[in-house]
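To start, the structure under review is shown below, and the notes come after it.
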Amino acid sequence: MIAVSLLFLAKIFLMIAWYSHLKFPDLAMWQAALISWGFAFFEYSLAIPAIRMGEKQFSLPEIQVMQFLFLMIAFLGFSVFMFQVKLNHNHLIGFALMFIGAALVYNANTS
């Protein structure tokens, strides 16, 4: 459970690194990049141990899909709460299909 929690936190830092600079359009590009790299450092600091720990109980495809799911969850939360993005039914259907695809990867190891 520690690996899963670290991976989820890592994806939150990734969202901050990728998109938070958009809230500050007056920053110079080099400043935005430097700040983003700073957040990415924390993402890597959490993701690498999480992947190493998770590899003991999950397959690599499962870890990758878990990262993808956490990234989508973090993205949805970040875009809705930080940027007030209005999701429509096409967005929700698309994300639901991605989650169904992820479930197929996890069920592949139980069959």
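Numbers below:
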read-out: Mean ellipticity per residue at 222 nm, deg cm²/dmol - from DSSP H runs of n ≥ 4 across the chain, formula -39500 (n - 2.57); value: -27500 deg cm²/dmol
read-out: Crossing angle, helix 89-108 versus the chain [Cα axis fit, 0-90 degrees, rounded to tens]; value: 40
read-out: Cα gyration tensor, the chain - rounded (a/c under 1.5), prolate or oblate; value: oblate
read-out: Length added when fully stretched, L97-S79, from 0.36 nm per residue minus Cα-Cα; value: 4.6 nm
read-out: Mean-position separation - Cα centroids, the range 54-96 and the range 5-48, in angstrom; value: 16
read-out: Lysines whose Cα lies under 24 Å from that of K86, excluding same-chain neighbours fewer than 8 positions away; value: K11, K23
read-out: Folded to 0 to 90 degrees: helix 60-83 orientation relative to the chain principal axis, Cα; value: 40
read-out: Three-way shape label, the range 69-111, alpha-carbon gyration tensor, a/c 1.5; value: oblate
read-out: Selected from M72, M53, M29 as most flexible by GNM, with the chain as the system and alpha-carbon contacts under 10 Å; value: M29
read-out: Reduced Cα scattering model of the range 1-55, Debye log10 I(q)/I(0), q = 0.16, 0.25 Å⁻¹; value: -0.49, -0.84
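Each value in this text was obtained by applying a stated rule to the coordinates, not by laboratory testing. Every value quoted in this text rests on a predicted model; they were computed, and no experiment measured them.
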